[in-house]
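J.: Take a look at this one; I'll ask things after.
The values are calculated or read from the model by the stated rules, or taken from the named source; none is laboratory data. In this text, all values refer to a predicted model and were calculated from it rather than measured experimentally. Using ideal geometry, Cβ is built from the backbone for each residue, glycine included, and neighbour counts are taken over all protein chains shown.
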């Protein structure tokens, strides 16, 4: 074979290998950036969803303590947030969110409380959980964020 052909093939092979290496490195970089962006977006959506649920549940739990009639539309909003969680969240987070909604419904069915009833409620260990029904939910959310690598 003519030496000119050998050096031409060697040049073409080197250019091809260099081009493929550059293309592969570029693709990997883009892929990792996309995955990081996706993860950040996913965590942001979860955080916003959990925040909305905590705000809504707090509002309706406070209402349930002082009233005995629930607006069904308000409870439907809470269940809608729980349904969103079913698509995005771990089973533990969904389970604790459902438990919060049940506590709110049970609180509506219980006798109304006044500010004078609070010290009596705080003396009971079981009632401390009832006074803060979102604690377990918040802990489940934090565990999920930590498991997914969020700071």
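J.: Out of everything in segment 123-141 that is surrounded by fewer than 12 Cβ atoms within 10 Å (Cβ to Cβ) and not in a loop (DSSP other than H, G, I, E, B), what residue ends up being modelled with the highest pLDDT?
T.: My answer is 125.
J.: Do you know which residues across segment 46-77 are touching a helix residue (DSSP H, G or I) at 6+ places or on another chain (Cβ under 9 Å), part of a helix (DSSP H, G or I) and over 17 Å from residue 92 (Cα atoms)?
T.: Correct list: 52, 56, 57, 59, 60, 61, 63, 64, 65, 74, 75, 77.
J.: While we're looking at this one, here's another question. Could you tell me whether residue 32 is modelled with pLDDT of 85 or more, surrounded by 10 or more Cβ atoms within 10 Å (Cβ to Cβ) and closer than 24 Å to residue 138 by Cα?
T.: The answer is no for residue 32.
J.: Moving to a separate point now. Do we find a residue being surrounded by 16 or more Cβ atoms within 10 Å (Cβ to Cβ), at pLDDT below 85 and either closer than 25 Å to residue 135 by Cα or touching a strand residue (DSSP E or B) at 6+ places or on another chain (Cβ under 9 Å) (or both) anywhere in segment 59-68?
T.: Yes, segment 59-68 has at least one match.
J.: Would you check if residue 68 is in contact (Cβ under 8 Å) with a residue 12 or more places away in the chain and farther than 30 Å from residue 107 by Cα?
T.: So residue 68 fails the test.
J.: To continue, here is another question. I need the full set of residues from segment 78-112 which are in contact with a helix residue (DSSP H, G or I) (Cβ under 6 Å, 6 or more places away or on another chain) and surrounded by fewer than 12 Cβ atoms within 10 Å (Cβ to Cβ), in order please.
T.: Once the filter is applied, which keeps residues that are in contact with a helix residue (DSSP H, G or I) (Cβ under 6 Å, 6 or more places away or on another chain) and surrounded by fewer than 12 Cβ atoms within 10 Å (Cβ to Cβ), segment 78-112 yields nothing.
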